[in-house]
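J.: Take a look at the following structure, please.
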Amino acid sequence: MTDAPGESPEAALVADAIRIVQGPRQKAYGPPERNFERIARLWNAHLVNIGLLSETARGLTPVDVAALMRLVKEARLAETPDHYDSHVDIVGYALCAWGVITRAKENT
């Protein structure tokens, strides 16, 4: 948890999310575009294999992955609403989604 003097708790949380997304997570998993695309492909294959998605359906996208990961964190917060790291992760997934969306627009 970042605690800069005079920094609000909200600003500290956002700063922690930015630090994690741009640092340790990116180093460990690569850029969100590539990592979330990989996750989407694996989830789509699983959904096809269990019959919940046809092979011709659109399937999940990297932005869907970010949304679903936020929902995982929301489900965890239902048990422990004061779990700081889950709140940081929700902001982090939102930042990743926005980055995926804006960089995709830049590349078109």
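J.: Is it the case that some residue within the stretch 40-48 is surrounded by 15 or more Cβ atoms within 10 Å (Cβ to Cβ), within 14 Å of the chain's Cα centre (by Cα) and over 23 Å from M1 (Cα atoms)?
T.: Taking every residue of the stretch 40-48 in turn, at least one turns out to be surrounded by 15 or more Cβ atoms within 10 Å (Cβ to Cβ), within 14 Å of the chain's Cα centre (by Cα) and over 23 Å from M1 (Cα atoms).
J.: Limited to the stretch 28-53, what total is found for residues that are farther than 18 Å from A66 by Cα and in a helix (DSSP H, G or I)?
T.: The initial filter retains those residues of the stretch 28-53 that are farther than 18 Å from A66 by Cα, namely 48-53.
Still in the list and also in a helix (DSSP H, G or I): 48-49.
So the answer is 2.
J.: Being part of a helix (DSSP H, G or I) and under 23 Å from T102 (Cβ atoms): is that true of V72 here? Explain how you work it out, then say what you get.
T.: Values: part of a helix (DSSP H, G or I): yes; under 23 Å from T102 (Cβ atoms): no.
Spelling it out, it is not the case that V72 is part of a helix (DSSP H, G or I) and under 23 Å from T102 (Cβ atoms).
J.: Regarding D16, is this residue part of a helix (DSSP H, G or I) and in contact with a helix residue (DSSP H, G or I) (Cβ under 6 Å, 6 or more places away or on another chain)?
T.: Working: part of a helix (DSSP H, G or I): yes; in contact with a helix residue (DSSP H, G or I) (Cβ under 6 Å, 6 or more places away or on another chain): yes.
For D16, the condition - part of a helix (DSSP H, G or I) and in contact with a helix residue (DSSP H, G or I) (Cβ under 6 Å, 6 or more places away or on another chain) - is met.
Here, each number is a calculation from the coordinates, and none is a lab measurement. Note that the structure is a prediction, hence the values are computed from the model and not measured. Cβ atoms come from the backbone with ideal geometry, glycine included; neighbour counts cover every protein chain shown.
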